[in-house]
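Report on the following structure.
The values are calculated or read from the model by the stated rules, or taken from the named source; none is laboratory data. Note that the structure is predicted; figures quoted are calculated from it, not measured. Virtual Cβ from ideal backbone geometry, glycine too; neighbours counted across all protein chains shown. What goes into the accessible areas is simple: the full protein's heavy atoms, side chains included, and nothing from ligands, DNA or RNA. Shrake-Rupley method; radii C 1.70, N 1.55, O 1.52, S 1.80 Å.
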Amino acid sequence: MDRNHWIMHQEWNDLIFMHWPVPAEALRPFIPSALTIDEYDNSAWIAIVPFRMQNIRFRALPSLPFGNHLLELNVRTYVTFNGEPGVYFITLDANHPLGVFLARTLFGLPYVHAKMRMDQTETGYQFTSRRVHKNYPASHLHANFHTVSNPVHAQPGSLIYWLTERYALWVVKRSKIYKGPILHKNWRLQKAEADIQMNQLVDFLPPSIFQTKPITYFSKSLHTRIFPFERKG
């Protein structure tokens, strides 16, 4: 990958990682067969990740004159293809109808439209989302978050490093496999607590998985560069 050939800049702010261990066999029906489910300590992992996306711009162009910020909420897991690790998105909710349409049409990403709010409170953040995409169930997420540590960089080899330091997403479109490289600095993460009042985003998995509290981390801001998709299979 030529680091000078990025096509889009995005700034990710007020991002919350919520992770749960999940048996790989429970995830397998929802992951394309060409991708291998990645595991840490003999467990697959699933995450719910809400955040603000801001200062969106294409290379050599100023920020978009409209719609250069949105809220996103993704459900993701971790996979490899030919040994290359990356992220696989099961769903990506966003409150930007045009962005959802373009991402679905141009990149084959499973974006869906949702009504969302993220509010900063005296103690942390409150996030609410209700899916309104046509022919999709109105899945809700209502949760509060607050941090409980100072920001640190994850240590290589640790679980949180394995979960977050991923520099590619994988997409399978019409039986073709594509890698979407992403470049950014290492995450600065704060341990956090999540109080989840409603979570319908992962109803496709056994509810027992989500009876335990998630491993939760918060990141205030990260600048990213997005690269063209590469055909891999």
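Among the residues of region 1-33, those identified as open to solvent by 50 Å² or more (accessible area, probe 1.4 Å) and of a type outside the set (K, R) are M1, D2, N4, H5, I7, P21, P23, E25, P29, F30, S33. Can you tell me which residues in region 200-233 are part of a strand (DSSP E or B) and either hydroxyl-bearing (S, T, Y) or in contact with a Cys (Cβ under 8 Å, 6 or more places away or on another chain) (or both)? T216, Y217, S219, S221, T224, listed by residue number.
Assuming N74 fulfils every condition listed in (1) over 16 Å from the mean Cα position of the chain (by Cα); (2) within 21 Å of Y178 (Cα to Cα) apart from one, which condition is it? Going through (1) over 16 Å from the mean Cα position of the chain (by Cα); (2) within 21 Å of Y178 (Cα to Cα) one by one, N74 breaks only (1). Within region 180-213, if we keep just the residues that are open to solvent by 50 Å² or more (accessible area, probe 1.4 Å), polar (S, T, N, Q) and under 17 Å from the mean Cα position of the chain (by Cα), the residue that is nearest to A114 (Cα to Cα) turns out to be Q200.
Quick check, is H69 open to solvent by 30 Å² or more (accessible area, probe 1.4 Å) and farther than 28 Å from V148 by Cα?
no
If the condition is being free of Cβ contacts under 8 Å to residues at least 24 places away in the same chain and more than 30 Å from S175 (Cα to Cα), then region 93-119 contributes K115, D119.
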